[in-house]
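Right, one structure below, let's go through it.
The values are calculated or read from the model by the stated rules, or taken from the named source; none is laboratory data. On a predicted model such as this, the values are computed, not experimentally measured, just so you know. FYI the Cβ positions are ideal-geometry reconstructions off the backbone, even for glycines, and counts take in every protein chain you see.
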């Protein structure tokens with residue numbers, strides 16, 4: 001019987017699996033020259049299935065961090081074949097608990113006391129166990145029922161060995177599959193895992209989010225008991241409930257599934273878009289529902305800050321996409337941190353922009369002039385297809401994926417999955433839309449500020465056109481241009497006047513429609529400003545033309 005936490009065994013097992021998987025593909029690539037392309041394609045499909053099982057079996061056998069890394073990779077990228085993605089996505093961070101003797105040893109090291117001396121009651125059987133720690137029910141001396149999360153004894157050495165193995169394997173995979181940027185990918189994984197191994201980070205995160213959500217009705221974040229917590233032990237108040245994916249019990253209690261999905265999304269929209277700090281691991285086991293429909297958030301080992309550059313960049317990207325401004329979209333992508341320098345990054349950016357344009361023009365259905373009438377399929381659209389198409393292999397070397405984006409992507413994926421489980425017909429945009437509207441307009445000083453900003457940019461651009469043509473005329477007069485015609489000056493002036501008039505007319509019509517939209521949203525005062533500006537521009541165009 002092997003000791004699965006022995007460094008020697010873990011290294012041997014991981015490298016052997018990697019050698020078998022890569023060797024099988026190398027042999028298939030060699031035989032392709034003799035057996036043809038059709039044979040190779042059939043064989044490749046068979047290899048994906050066989051190697052997927054090998055990888056899954058190896059990860060489950062090694063346990064430890066490999067399960068967590070497998071989960072992260074499945075969400076972090078789509079560069080693996082689909083047959084590989086499926087087993088990684090199915091991996092659950094649930095492992096057999098350590099013996100109670102090792103739990104006692106850990107508590108004794110942290111507090112210098114036995115569990116029975118520290119707590120009034122301490123249950124020896126764990127209620128949950130994962131790759132880093134396990135949870136036990138206990139009771140404080142004052143009678144408060146708590147959950148004690150204890151980090152596995154000896155996990156520090158396992159983490160060190162596993163991270164070294166993963167680093168070497170990522171380098172081998174990068175060379176074998178010609179993928180750039182794998183060192184950066186590994187650094188992001190390492191950072192996430194090291195943060196999760198320090199329970200003081202989790203305690204601070206719980207308190208911060210609990211304060212942020214204090215005003216939200218029907219949302220509970222367990223209270224941390226600092227005098228019973230350290231970097232390796234975390235004690236929090238016990239909360240009743242079932243997993244949010246337990247639809248049978250939810251139905252038995254007579255709860256409204258759609259309302260639960262809406263409440264879930266509202267909470268995360270607030271955390272992400274308003275607070276900028278959020279729970280980044282909302283899988284069903286970390287969200288409980290009680291008989292009254294209240295939600296309890298658990299396990300704050302993975303939390304994330306949405307940096308200012310990403311918060312501003314996302315809003316700018318959406319605004320630029322609506323305006324169909326390619327240069328602004330490129331700038332926004334760079335601000336978010338997704339784009340690197342060079343022609344390949346520009347090419348990939350253009351592909352992303354085309355997908356966004358197709359998404360906005362062809363896949364969003366407007367049933368009226370009101371934002372609440374926007375309809376879109378969140379699970380099947382060109383943006384999702386783009387992500388599936390390019391994957392990590394397509395964007396490696398051109399787009400770096402920051403840890404914050406990885407966690408945000410994981411969070412959104414899990415939330416949409418839970419929402420779909422609760423109510424497949426529920427459109428998440430019904431909840432997300434008002435938050436995004438406020439998010440975009442917030443940096444512009446509200447609707448009036450946004451309108452002013454839009455007017456300033458458009459008018460400035462429009463008025464600059466005649467100046468550009470005047471500069472061209474000056475060059476023509478000074479002989480700096482290679483061509484001259486007798487009517488160029490008069491013609492250019494007419495063109496400039498026509499361009500300015502058309503631009504102002506278009507702007508006036510656009511403002512009128514925008515004002516109708518915000519009036520339907522109940523913004524009467526702001527709509528009057530919009531109608532007034534539209535009327536002024538229309539009069540200006542008429543008199544200018546006369």
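Figures for the structure shown
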item	result
Criterion: at pLDDT 80 or above, surrounded by 12 or more Cβ atoms within 10 Å (Cβ to Cβ) and closer than 21 Å to residue 163 by Cβ - qualifying residue of 40, 9	9
Checklist (1) under 28 Å from residue 186 (Cα atoms); (2) outside any helix (DSSP H, G or I); (3) modelled with pLDDT of 70 or more applied to residue 61, failing item	(2)
Test: residue in the range 224-232 that is in a helix (DSSP H, G or I), buried (at least 18 other Cβ atoms within 10 Å of the Cβ), modelled with pLDDT of 95 or more and in the same structural domain as residue 143 (by TED's automatic domain parsing)	yes
Residues being under 23 Å from residue 300 (Cα atoms) and assigned to a strand (DSSP E or B) - total across the range 110-167	17
Matching residues, the range 239-250, being closer than 12 Å to residue 297 by Cα and surrounded by fewer than 15 Cβ atoms within 10 Å (Cβ to Cβ)	240
Some residue of the range 145-167 being touching a strand residue (DSSP E or B) at 6+ places or on another chain (Cβ under 7 Å), surrounded by fewer than 15 Cβ atoms within 10 Å (Cβ to Cβ) and closer than 23 Å to residue 202 by Cα	yes
Residue 269 vs. criteria buried (at least 16 other Cβ atoms within 10 Å of the Cβ) and assigned to a loop (DSSP other than H, G, I, E, B)	no
Single unsatisfied condition, residue 220 versus (1) surrounded by fewer than 16 Cβ atoms within 10 Å (Cβ to Cβ); (2) on the phi < 0 side of the Ramachandran plot	(1)
Matching residues in the range 273-293 - criterion: being buried (at least 17 other Cβ atoms within 10 Å of the Cβ) and either in a loop (DSSP other than H, G, I, E, B) or in the same structural domain as residue 231 (by TED's automatic domain parsing) (or both)	280, 281, 282, 283
Index of the failed condition, residue 84 passing every other in (1) crowded, with 17+ Cβ neighbours inside 10 Å; (2) assigned to a helix (DSSP H, G or I); (3) at pLDDT 70 or above	(3)
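One line per residue, one yes/no per condition, for (1) in a helix (DSSP H, G or I); (2) modelled with pLDDT of 85 or more; (3) loosely packed, with under 12 Cβ neighbours inside 10 Å:
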site: 47; (1), (2), (3): yes, yes, no
site: 67; (1), (2), (3): yes, no, no
site: 97; (1), (2), (3): no, yes, no
site: 106; (1), (2), (3): yes, yes, no
